[in-house]
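Chemist: Dumping the structure here so I can ask a few things about it.
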Amino acid sequence: MAIWGLVIETTVGVGERKHTEAYVLTHVEGTREEALEELERRARTHTPEHPRSPKRRRLFRERDGFLLVIDGAWQSFSTRFTVAELLDDSAAPAPLPPSPPPPTEVAPPEAEPDPADTVPPSSSTPPVERDVDGVPVRPAWWGRSDLP
């Protein structure tokens, strides 16, 4: 399944320092339509830093996303929301190697157990106290003198 990046390009700063910066909001795994639905949800609820006193807000649909134009008292500010398929990511974790198939065991022919092969439990080993879920109450390493 494809991984889609939800990219936002927004106007930051004011006056002569006003410029556009791009950010990846998130990644969506699925179809392009699913990514566009998530992008539209985010575009409709997005509140940019500028303008501080918005006069008019318009959201336009484009082929690959949405364009939000907000008119302020003196200037307009735009935010472009784009969906783009992720092709490569240098910071992505390495894929896990495929797990080997479980070994197939061939059962030996059934034979009657020899009573001489059975070993009775040792009476020198005290029973281990366990919780109702089977976990030992006292860890096996507790009280070992060979550990640091």
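Chemist: Please work out which one of (1) closer than 30 Å to L39 by Cβ; (2) modelled with pLDDT under 75; (3) among the polar types (S, T, N, Q) is the condition T118 fails and give its number.
Modeler: Against the list (1) closer than 30 Å to L39 by Cβ; (2) modelled with pLDDT under 75; (3) among the polar types (S, T, N, Q), T118 comes up short only on (1).
Chemist: Can you tell me which residue is farthest from L36 (Cα to Cα) among those in segment 59-92 that are of a type in the set (D, E, K, R) and without any contact (Cβ under 8 Å) to a residue 60 or more places away in the chain?
Modeler: In this case the residue turns out to be D71.
Chemist: Also: Using the structure shown, decide if R44 is more than 23 Å from L87 (Cα to Cα), touching a strand residue (DSSP E or B) at 6+ places or on another chain (Cβ under 8 Å), basic (K, R) and assigned to a helix (DSSP H, G or I).
Modeler: yes
Chemist: Related question: Can you pull out the residues in segment 55-77 that are surrounded by 12 or more Cβ atoms within 10 Å (Cβ to Cβ) and either on the phi > 0 side of the Ramachandran plot or among the small types (G, A, S) (or both)?
Modeler: Correct list: G65, G72, S76.
Chemist: Could I ask something else about it? Which residue, of P51, P93, P98, is in contact with a Gly (Cβ under 6 Å, 6 or more places away or on another chain) and assigned to a loop (DSSP other than H, G, I, E, B)?
Modeler: Numbers: P93 fails: in contact with a Gly (Cβ under 6 Å, 6 or more places away or on another chain); P98 fails: in contact with a Gly (Cβ under 6 Å, 6 or more places away or on another chain).
Just a single option satisfies the conditions, and that option is P51.
The values are calculated or read from the model by the stated rules, or taken from the named source; none is laboratory data. Quick caveat: nothing in here was measured; it's all calculated off a predicted structure. All Cβ positions, even for glycine, are placed from backbone atoms using ideal geometry, and neighbour counts span all protein chains on display.
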